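One structure below.
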Amino acid sequence: MMGRTTLAAAVITTCVAAMPAAGYAQNVIKIGEVNSYKAQPAFLEPYKKGMELALDEINAAGGVNGKKLELITRDDNANPGDAVRVAEELVSREKVDVLTGTFLSHIGLALTDFARQKKFFFLAAEPLTDKIVWDNGNRYTFRLRPSTYMQVAMLVPEAAALKKKRWALVYPNYEYGQSAVATFKKLLKAAQPDVEFVTEQAPPLGKVDAGSVVQALADARPDAIFNVLFGADLLKFVREGNTRGLFQGREVVSLLTGEPEYMDPLKDEAPNGWIVTGYPWYGIQTPEHKAFVTAYQAKFKDYPRLGSVVGYSAIKSLAEGIKKAKSTDTEKLVAAFKGLQVDTPFGKITYRAEDHQSTMGAYVGRTKNEDGKGVMVNYRYLDGAKFLPAAAEVKKLRPAD
Amino acid sequence: MSFSSFIVQVLNGLAGASSLFLVAAGLSLIFGVTRIVNFAHGSLYMLGIYVAYSLTESVGGGLGFWPAVLLSAIAVGVLGAVVEVLLLRRIYHAPELFQLLATFALVLVIKDAALWIWGPEELLGPRAPGLAGSVSILGRQFPSYDLFLIVVGPVVLGSLWLLLTRTRWGTLVRAATQDREMVGALGVNQAWLFTAVFALGALLAGLGGALQLPREPANLELDLHTIGAAFVVVVVGGMGSIPGAYVAALLIAELKALCIWLGVVEVFGFTISFSKLTLVVEFLVMAVVLVVRPWGLMGRPQAPSRHAGTVEAPLRPVDNLFKAGAALLLLVLTVLPALTTQTPYVTVLMIDLLIAALFATSLHFIMGPAGMHSFGHAAYFGLGAYAAALLVRSLQLPMELTLVVAPLVAAAGALVVGWFSVRLSGVYLAMLTLAFAQIAWAIVYQWDTVTGGSNGLTGVWPSAWLADKAAYYYLTLVLVILSMLWLKRCLYAPFGYAMRAGRDSPLRADAVGIDVKRMQWVAFVIAGLFAGVAGALFAFSKGSISPESLHVGKSVDGLVMVLLGGLQTLTGGAVGAVTFTWLHDTVARNTEYWKAMLGAIILILVLLFPQGIAGFVRQIIYGKRDEIGGRA
């Protein structure tokens, strides 16, 4: 009995000791960051490294407004309820100056609303849902990564140029997949009125029955396929598709597949000739990108993924915004971010005043299986600004501040 | 949608059924003999695929694939044996279901261990040597590996059948499935039998995982994705029935293939996407099967377990010591916001702790005193939360009024589910509640126009006078305490006595004129009502609500809380909820590998306090008196 009690006491003591004392530091700017690190490690570990690199560079150059930047990250357990709690914790206990982060769309939206309610500055780094800047957009929320709409809009001209009539659609059955397909159908129909969507498969996220889905798509005899599956679903889909000859003689347009996060695990299964959005880090020759890759590889002995660029650019954006606002006051930050220009590894981006979306773009190209490894070829950078609706249209989409 | 395409889809379904069956067979075997609801079975499956990946990589592909598959199955089997000997064997005498808590902790530990060892990226294994390509069937290319899988399922089924019916060991296993006390009394070493069964179950899970290597990448989501489907198969087939598991796997896999084959269909002008139905088809099957056949397709009524841990002592009126303690706690809770103005986060966290405490207490109410295990309690939490959000957003009801109406919606949900569920018992009841909860989840997840779909609803903030966190804290405190007092009042009312009589001895309770099923139904509704209160409070404290709030993950959290606190102690739910939520918050903030850390802490708690934390405290304070009372 004694042993048990002692052990119990030890456990409790350890837990209490693990509670950190809230620290107050005068000469730092605190960035609070919330993300689903344990649920989405493949995307978020490189993302975190990107943030750390930016932080190092900024602090080595003397910080912002004479203050060092400090990053405090929290895991949201892939759950909006927990995300709001850690956001409250960051704001009230850690006294952070700004909030950023989130990957999953519903968590991004929960924090978007939190920012509105608490009147607190929030830069949504990664979530893709259009609602963050449109339907649920608000004064205090900005977003960095190109949205679902933008990435689909970048692919549609390529899809229309194929002049294929019969299209099959396959997407994960949740908001991201649904809205990507809805946008694709709408924009492609506008660009090519005779288009026909012959079948739709919407497997549950992470649980695609790849064999059956591939079979069903093939049986619909489409000329081309629009795919929104990613991660483990994509790997299963591609392997089954290769085995069953689904992709023979068919064009495939695929969202995000060129991102190293999703492309590299495909290894020798990597498909040839798919039209994709992505990030060909190995071939981008602009000086700003070369500098980024060199610094990243020197620091982490690993190549950057798209997440790295997003994490890096998020911190750079915050630093630029705070510099421009000369303060971390929320209202001044909001004013500063409208039209804010930031230098990123993808070149200069602007945070649009009308919908708070950055104009960061993406690379569009074709995939190629090069010696058992997937790469993008014939790619070009498409500026996000060209794929966003005009101010008048955005105004209709967005609630008034 | 030609006939030939249908035939090929049937073949796809057969291949899928084999994969499902391999995992489910092991789970069914383990449950049948040890009565352990092995939540970590999906993790063992995941380990199987990861280990197979590493082994094939290390031998450089090629023919090394086949030995790698077998070796990884054996490795997972050995791990299963180790887990059984070091962990589960120590807690067989804990109250029923308690082992679930230990296996839940294992899930956390194994997941983080896999992340640490294999990294975050999905790992796509090689194709199987000799079966890499496809054969032509009805003009379609069909993977030869799938043909192999189609054969593997029945082969494993046959081998298991031979093992169970034609060997002495198999006879013992079957005997233990029916009556393990008797097997023990006849001189069979139960401990080793259990170890062997657990190891065999784990081996099958590992084999199932390893055989999937050419079909799907090793990734960290596999554990939870697999466990749900595996449980469904086991329950639909009838727990402990291996042929049943195969039939169920076949049924579910074929239905999925059928849904995918149908795709989007126009019926009477309505567009139905059968493809989207695959999200929930296994749970629909389970609900239907359990309603029609309460013990699964090929299961038999569970033999009453004579052991079931220590028998619970009758509830006693709370004494002065407890009252004094509660009063002191209440005093502390009342002055807390004033004491912590410097650290406002304490108030935020306390709101979450209180809500969790009420949720877990409501679950404890049906699990403990009413004796009905619910694996789908989050449904009522979620119903309350969504009802609150919808009433405020769509009907513009005042927030204060929704706090009253939303729990009624949750109770209405419990009324319907309860009507079906109370006709079942034991694990079948638990799984039926899970099926309904998952169906509710799927509806919420899909019904974009009303529930906001997977994104959920935002803008659910409390009225202005409650915007301050301290004010909301007091509202929560008052509602939670009133709810808890009411639940306690129920337990000491004649209704509560009748309910406990129904749990302890349904036959005798029936004989003295208690309508046991009706009592259980009412208990179900009451628990749903208060879960709804917790849900509504939750929605307004977060400002948004998403499908996670009624997902199986939330239900499992509730179970963990109740078991951690102590199923047989009145305060178990609340104590467990506070411990779990607080640990979660603290550990997640301070450790990178927080899941493993949390899992490890739970494991320590499990080994230290097999009666739960509150049960342990109770034992220290009242141990002597309970003993005397028990003898009297």
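The values are calculated or read from the model by the stated rules, or taken from the named source; none is laboratory data. It should be emphasised that the depicted structure is a prediction, and the values quoted were computed from it without experimental measurement. Heads up, the Cβs are rebuilt from the backbone with ideal geometry, glycines too, and the neighbour counts pull from every protein chain shown. Ligands, DNA and RNA are excluded from the accessible area calculation, which covers all protein heavy atoms including side chains. Shrake-Rupley method; radii C 1.70, N 1.55, O 1.52, S 1.80 Å.
Between helix B:552-565 and chain B there is an angle of about 60 degrees, using the helix long axis and the longest principal axis of the Cα atoms. Chain B and chain A together bury an accessible surface of about 6900 square angstrom, both sides counted, with a 1.4 Å probe and no ligands or nucleic acids included. Cross-link check: pairs B:LYS111/B:LYS276; A:LYS30/A:LYS119; A:LYS316/B:LYS595; A:LYS119/B:LYS542; A:LYS38/A:LYS119 evaluated at a Cα-Cα cut-off of 22 Å; pairs beyond the cut-off: B:LYS111/B:LYS276; A:LYS316/B:LYS595; A:LYS38/A:LYS119.
In the protein assembly as shown, taking the dipole from charged Cβ atoms about the Cα centre, the farthest positive-side position among A:LEU333, B:GLY413, B:SER4 is held by B:GLY413. DSSP finds beta bridges in the protein assembly as shown, and of those with both partners inside it, around 45 percent are antiparallel. What a 1.4 Å probe finds exposed on the stretch B:328-550 is 73% carbon and sulfur by accessible area, rounded to a whole percent.
Per residue, the average separation of C-alpha pairs within less than 8 Å and at least 6 apart gives chain A a relative contact order of 18 percent.
Centroid-to-centroid, using Cα positions, the stretch B:559-605 and the stretch A:247-309 are 41 Å apart. Placing unit charges on the Cβ atoms of the charged side chains and taking the dipole of the stretch B:436-519 about its Cα centre, the candidate lying farthest along the positive direction among B:LEU507, B:LEU487, B:SER454 is B:LEU507. Based on C-alpha pairs under 8 angstrom that are at least 6 apart in sequence, the stretch B:482-632 has a relative contact order of 15 percent. When each of the peptides A:259-269, B:248-258, B:336-346 is scored by the mean number of other C-beta atoms lying within 10 Å of its residues, the order from highest to lowest reads B:248-258, A:259-269, B:336-346. In a reduced charge model with +1 at each Lys and Arg Cβ and -1 at each Asp and Glu Cβ, the stretch B:328-550 shows a dipole moment near 440 debye about its Cα centre. Charging the Cβ of each Asp and Glu at -1 and of each Lys and Arg at +1, and nothing else, the dipole of the stretch B:204-286 about its Cα centre rounds to 80 debye. Shielding of peptide B:122-133 by partners, expressed as the average count of other chain Cβ atoms within 10 Å per residue Cβ, is 3. Computed with a 1.4 Å probe over protein heavy atoms only, the accessible surface of the stretch B:328-550 comes to 36 Å² per residue. Only one residue of B:ILE74, B:GLN99, B:GLY572 has its Cα farthest out toward the positive end of the dipole of the protein assembly as shown, where Lys and Arg carry +1 and Asp and Glu -1 on Cβ, and that residue is B:GLY572.
For the peptides B:532-543, B:420-431, the ranking by mean Cβ contacts within 10 Å, running from highest to lowest, is B:532-543, B:420-431. Here is how the number arises for the protein assembly as shown: DSSP H runs of 4 or more residues each give -39500 (n - 2.57), the sum is divided by the residue count, and the result at 222 nm is -20000 deg cm²/dmol.
Residues of the stretch A:94-121 that bury at least 20 Å² of accessible area when the other protein chains are present, relative to the chain alone (probe 1.4 Å, heavy atoms, ligands and nucleic acids excluded): A:HIS106, A:LEU109, A:ALA110, A:ASP113, A:GLN117, A:LYS118. Working value for the protein assembly as shown: equivalent-ellipsoid semi-axes of 44, 38, 26 Å, each the square root of 5 times a Cα gyration tensor eigenvalue, largest first. Separation of the stretch B:81-153 from the stretch A:178-244 is 27 Å, based on Cα centroids. The portion of the accessible surface of the stretch B:8-111 made up by carbon and sulfur, rounded to a whole percent, is 75 (1.4 Å probe; DNA, RNA and ligands excluded). Net charge dipole, the protein assembly as shown: roughly 980 debye, given to the nearest 20, about the Cα centre with Cβ charges of +1 for Lys and Arg and -1 for Asp and Glu. Peptide A:191-200 has a mean of 1 when you count, residue by residue, the C-beta atoms of other protein chains within 10 Å of its C-beta. Other protein chain C-beta atoms within 10 Å of residue C-beta, averaged over A:237-247: 4. If a/c stays under 1.5 just call it rounded; otherwise compare a/b with b/c (prolate if a/b is bigger, oblate if not). Do that for the stretch B:328-550, with a ≥ b ≥ c from the square roots of the Cα gyration tensor eigenvalues. Since a/c reaches 1.5 but b/c is at least a/b, the shape of the stretch B:328-550 is classed as oblate. Only counting protein heavy atoms at a 1.4 Å probe, give the residues of the stretch A:201-233, ordered by number, whose accessible area falls by 30 Å² or more when the other protein chains are present relative to the chain alone. The answer is A:GLN201, A:ALA202, A:PRO204, A:LYS207, A:ASP209, A:SER212, A:GLN215, A:ASP219, A:ALA232 - residues whose exposure falls by at least 30 Å² when every protein chain is included. For B:ARG127, what is the net charge nearby, where nearby means another residue's Cβ is under 10 Å from its Cβ and Lys, Arg count +1, Asp, Glu -1? Combined, the nearby Lys, Arg, Asp and Glu give 0.
For A:LYS386, the lysines whose Cα falls under 16 Å of its own Cα, not counting residues fewer than eight places away in the same chain, are A:LYS348. Ranked by the mean number of other Cβ atoms within 10 Å per residue, highest first, peptides A:123-135, B:373-385 order as B:373-385, A:123-135.
Across the stretch A:167-211, Cα pairs under 8 Å and at least six residues apart give a relative contact order of 58 percent.
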